[in-house]
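Next up is a structure, given as structure tokens.
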Amino acid sequence: MGDLLVRGGHVIDGTGAPPVRADVRIRNGVITEVGPSLDRQGEPELDAGGASVAPGFIDIHTHYDGSIWWDPSVDPMPLHGVTTVVTGNCAISLAPLNPGGQDAIADMFCYIEDLPLGPVSSEVPWSWRDWREYRAAFNARGASCNVAPLVGHSNLRMAVLGDESFARAASEEERAQLVALILECIDAGAFGVSLSFVDLDSKGRRVPSRLASPDELRDLGDAIAGAGRGLVQYVPRFMKTDGYLKDIDRVAAACGGPAVPHTYAPLLTGRKSHAMTDAVMAHTREVRAAGGRVWPQVSPRSGFDTRVVFDGSTAPYAGMPAWAAMAAASGGEKRAMLADPAWRERARADWESTAFTLFAKHALETFVVSEVANPALRQFEGQPFRAVMDARPGHPADVLAQWVLETDAEPNLVRPGSADEDPDYMAELLADESTLVGASDAGAHVLLFCGAGDTTLLLTRHVRERSDLTLEAAVHKLTGQAASAFGIRDRGVVAPGYAGDLTVFALDELAYRREAIVADIPGGAKRFTRPAGGYRATVVAGTVTHEDGRATDARPGRMLHSGAPSPT
């Protein structure tokens with residue numbers, strides 16, 4: 001933990017209050033003074049002249065659980081003012097574990113979050129079994145960001161029911177074991193439990209969280225209520241209004257009204273989802289009016305571009321088994337499958353199937369061709385894939401398969417998110433006091449998009465350019481409100497007694513830049529990252545983790561404990 005004097009800035013304290021000209025002193029990682037013209041007492045100084053000084057930003061929905069072990073810089077989060085990431089979302093975390101159970105956890109985590117299995121299996125130490133050991137292992141290494149982890153409901157059920165967790169609800173005796181395990185994890189520092197009502201594993205099975213009975217969910221809510229801290233995060237069936245509403249009610253019933261807060265992600269914000277989102281928000285307000293503490297998560301990046309990838313990423317092709325198998329195959333096998341008439345027949349059948357899939361197969365003509373390596377295909381660069389389909393009549397599955405074959409499985413097709421983006425509607429949702437800024441999914445789906453940078457997009461587009469929120473309101477969303485909702489008691493506010501986590505920036509210097517691809521995952525796998533956002537500095541526990549667009553080698557971040565006391 002470090003000492004630091006941040007001098008000359010305008011403090012936006014995270015409560016929603018207007019900026020105040022003040023210096024901030026940090027001692028042993030904790031803020032000790034906030035006031036004008038503080039005298040230097042031997043600590044290093046950070047010049048914040050002409051800039052805002054805010055609490056470090058909190059990203060409440062990430063999946064850095066695995067990559068943080070081989071990339072403790074948590075790139076690019078500190079470059080966008082983030083000092084704390086919430087992990088363990090979507091019913092899957094890295095603890096607790098049964099002996100030898102890491103292979104099943106790694107496979108499910110990587111399949112759901114669309115990450116390379118090799119590095120997660122080999123680079124994560126897997127030296128723990130319970131939550132206390134997991135936290136100790138992390139804190140022995142540290143990172144550039146703090147971690148506030150949730151425990152995955154699927155992990156809990158797998159630890160108690162084993163393989164049966166994929167097949168049935170828990171017995172009365174097993175429910176008692178689940179309650180004991182939940183309490184053990186929260187006592188050791190977990191910030192709550194995450195659920196999923198949508199995910200499948202790599203074998204096409206519903207994840208264990210989806211097999212829980214209403215009694216199990218009520219036990220879960222009662223356990224968290226009894227612990228006196230913790231929340232429930234869940235992924236509802238967000239493709240249909242009825243699924244959203246039923247899952248909100250299901251969790252609200254388990255959480256016992258005001259007893260336990262709960263948050264769901266994502267809340268869709270596109271033009272095509274207006275009617276559904278309006279219905280979901282109306283129902284959410286009804287639950288809140290009845291005493292329920294429910295928080296929808298809204299990402300300012302709902303209109304992000306997504307890429308067509310056939311390089312090991314199989315999650316988009318759930319419900320399309322032929323395509324998923326091709327995506328997972330090696331180079332030579334992939335080319336053979338694409339040219340095989342029998343595979344082509346199965347691929348066409350997948351295309352006609354009504355099974356749910358994330359891949360927007362029936363909007364293929366709207367995808368845009370970016371740069372391609374094959375000179376024979378350069379005529380299509382910059383055009384919608386409709387141009388390819390017009391030039392090569394046939395079944396869409398065959399047209400795409402041939403394109404993938406001719407591009408050596410690097411199709412360079414992008415589905416523009418801007419077509420469904422509605423900044424005005426999003427602004428209403430972001431400004432709503434009942435919503436959280438979240439659902440970034442940063443750290444997941446690394447070859448489809450980069451989820452990091454929502455903090456910068458919120459500040460550049462919705463504060464500086466559109467004036468949808470005041471600067472202090474936006475900072476409150478990213479700090480004090482997020483910390484309060486998630487029970488991160490000692491962060492999110494610039495005041496004496498709070499952790500010395502800060503971000504220093506001038507609003508007119510920020511920039512939300514296009515993501516870029518890098519090949520730095522162990523083994524040479526690629527991922528998307530986002531260039532620095534123009535922040536002057538990011539500080540964790542009084543130690544600078546990023547300054548003027550460059551990450552430092554400091555690793556002051558720790559796995560936080562949900563039982564940390566509130567500052568007095």
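Just to check your reading of the model, which residue among R40, R27 is more than 30 Å from the chain's Cα centre (by Cα) and modelled with pLDDT of 95 or more?
On the way: R40 fails: modelled with pLDDT of 95 or more.
Just one listed residue meets the conditions, R27.
Report, by residue number, each residue of the range 251-287 that is surrounded by 17 or more Cβ atoms within 10 Å (Cβ to Cβ) and part of a helix (DSSP H, G or I). Talk me through it step by step, then tell me what you get.
Taking the range 251-287 and keeping what is surrounded by 17 or more Cβ atoms within 10 Å (Cβ to Cβ), we get 251-252, 254-255, 260-270, 273, 276-277, 280-281, 283-284, 287.
Once the filter is applied, which keeps residues that are surrounded by 17 or more Cβ atoms within 10 Å (Cβ to Cβ) and part of a helix (DSSP H, G or I), the range 251-287 yields V251, A252, A254, C255, S273, M276, T277, V280, M281, H283, T284, V287.
Sticking with this one: For residues that are loosely packed, with under 14 Cβ neighbours inside 10 Å and free of Cβ contacts under 8 Å to residues at least 24 places away in the same chain, scanning just the range 337-358, find the one that is farthest from A397 (Cα to Cα).
Of everything passing the filter in the range 337-358, T354 is farthest from A397 (Cα to Cα).
Could you check the range 146-186 and list, in sequence order, the residues that are under 23 Å from S562 (Cα atoms) and either in a loop (DSSP other than H, G, I, E, B) or touching a strand residue (DSSP E or B) at 6+ places or on another chain (Cβ under 6 Å) (or both)?
N146, V147, A148, P149, L150, V151, G152, H153, C185
Here's something else I'd like to know. Look at the range 106-125 and say how many of its residues are modelled with pLDDT of 95 or more, surrounded by 16 or more Cβ atoms within 10 Å (Cβ to Cβ) and touching a Phe, Trp or Tyr at 6+ places or on another chain (Cβ under 9 Å).
Matching residues across the range 106-125 total 5.
Another one. Would you mind stating whether E547 is acidic (D, E) and touching a strand residue (DSSP E or B) at 6+ places or on another chain (Cβ under 9 Å)?
Details: acidic (D, E): yes; touching a strand residue (DSSP E or B) at 6+ places or on another chain (Cβ under 9 Å): yes.
Yes.
Which of the numbered conditions does L413 fail, given that it passes all the others? Conditions: (1) touching a Ser or Thr at 6+ places or on another chain (Cβ under 7 Å); (2) modelled with pLDDT under 95.
Going through the list (1) touching a Ser or Thr at 6+ places or on another chain (Cβ under 7 Å); (2) modelled with pLDDT under 95, L413 breaks only (1).
Assuming D71 fulfils every condition listed in (1) in contact with a strand residue (DSSP E or B) (Cβ under 6 Å, 6 or more places away or on another chain); (2) closer than 30 Å to A54 by Cα; (3) of a type outside the set (F, W, Y) apart from one, which condition is it?
(1)
Can R466 be described as modelled with pLDDT of 95 or more and over 23 Å from the mean Cα position of the chain (by Cα)? Working first, answer last.
Numbers: modelled with pLDDT of 95 or more: yes; over 23 Å from the mean Cα position of the chain (by Cα): yes.
For R466, the condition - modelled with pLDDT of 95 or more and over 23 Å from the mean Cα position of the chain (by Cα) - is met.
To continue, here is another question. Based on what the data block shows, is F138 farther than 21 Å from A223 by Cβ, in the same structural domain as D249 (by TED's automatic domain parsing) and modelled with pLDDT of 95 or more?
Numbers: farther than 21 Å from A223 by Cβ: yes; in the same structural domain as D249 (by TED's automatic domain parsing): yes; modelled with pLDDT of 95 or more: yes.
The answer is yes for F138.
For G189, are the conditions met, namely being assigned to a loop (DSSP other than H, G, I, E, B) and under 27 Å from F57 (Cβ atoms)? Step through it out loud before you land on a result.
Values: assigned to a loop (DSSP other than H, G, I, E, B): yes; under 27 Å from F57 (Cβ atoms): yes.
In short, yes.
Related question: Out of curiosity, is D350 assigned to a loop (DSSP other than H, G, I, E, B), in contact with a helix residue (DSSP H, G or I) (Cβ under 8 Å, 6 or more places away or on another chain) and among the acidic types (D, E)? Can you show your working first?
Numbers: assigned to a loop (DSSP other than H, G, I, E, B): no; in contact with a helix residue (DSSP H, G or I) (Cβ under 8 Å, 6 or more places away or on another chain): yes; among the acidic types (D, E): yes.
No, not satisfied.
Go over the candidates E465, E433, E472, E406 one by one and state the one that is closer than 27 Å to V518 by Cβ and of a type in the set (D, E, K, R).
Unique residue meeting the criteria: E406.
Does the range 10-33 hold any residues that are within 27 Å of E433 (Cβ to Cβ), part of a strand (DSSP E or B) and not β-branched (V, I, T), and which are they?
Residues satisfying the conditions are H10, A22.
Considering only residues that are among the aliphatic types (A, V, I, L, M), touching a helix residue (DSSP H, G or I) at 6+ places or on another chain (Cβ under 8 Å) and under 15 Å from N412 (Cα atoms), which ones fall in the range 361-391?
Scanning the range 361-391 gives L364, V369, V372, A376, L377, A387, V388.
Sort out which residues of the range 393-439 are without any contact (Cβ under 8 Å) to a residue 12 or more places away in the chain, assigned to a loop (DSSP other than H, G, I, E, B) and more than 23 Å from the chain's Cα centre (by Cα), and write them in order of number.
Those that are without any contact (Cβ under 8 Å) to a residue 12 or more places away in the chain, assigned to a loop (DSSP other than H, G, I, E, B) and more than 23 Å from the chain's Cα centre (by Cα): P393, G394.
Are there any helices (runs of 4 or more DSSP H) wholly within the range 449-568 with 3 or more residues that are over 30 Å from L413 (Cα atoms), and if so which? Please lay out each step first, then the result.
Numbers: elements: 454-457, 471-478, 480-486.
So the answer is 471-478, 480-486.
Within the set of pairs 6+ apart or on separate chains, which have a first residue in the range 126-145 that is buried (at least 22 other Cβ atoms within 10 Å of the Cβ), a second that is among the charged types (D, E, K, R), and C-beta atoms under 6 Å apart?
Taking only residues 6 or more apart or on different chains, the pairs are A143/R555.
Additional query: Taking the options G100, G88, name whichever one is outside any strand (DSSP E or B), out of contact with any strand residue (DSSP E or B) (no Cβ under 7 Å at 6 or more places or on another chain) and not basic (K, R). Let's see the steps before the verdict.
Numbers: G88 fails: out of contact with any strand residue (DSSP E or B) (no Cβ under 7 Å at 6 or more places or on another chain).
Step by step, each of G100, G88 is checked, and only G100 is outside any strand (DSSP E or B), out of contact with any strand residue (DSSP E or B) (no Cβ under 7 Å at 6 or more places or on another chain) and not basic (K, R).
Would you check which residues across the range 93-103 are buried (at least 20 other Cβ atoms within 10 Å of the Cβ) and small (G, A, S) and list them?
Restricting attention to the range 93-103, the residues satisfying the condition of being buried (at least 20 other Cβ atoms within 10 Å of the Cβ) are 93-97, 102.
Within the range 93-103, S93, A95 meet the criteria.
Of the residues A506, A499, which is of a type in the set (A, V, I, L, M, F, W, C) and surrounded by fewer than 19 Cβ atoms within 10 Å (Cβ to Cβ)? Give the derivation first.
Details: A499 fails: surrounded by fewer than 19 Cβ atoms within 10 Å (Cβ to Cβ).
Going through A506, A499 in turn, the sole match is A506.
The values are calculated or read from the model by the stated rules, or taken from the named source; none is laboratory data. What you see is a predicted model, and the numbers here were worked out from it, not measured in a lab. With ideal geometry, Cβ positions are generated from the backbone for all residues, glycine too; neighbour counts draw on all protein chains shown.
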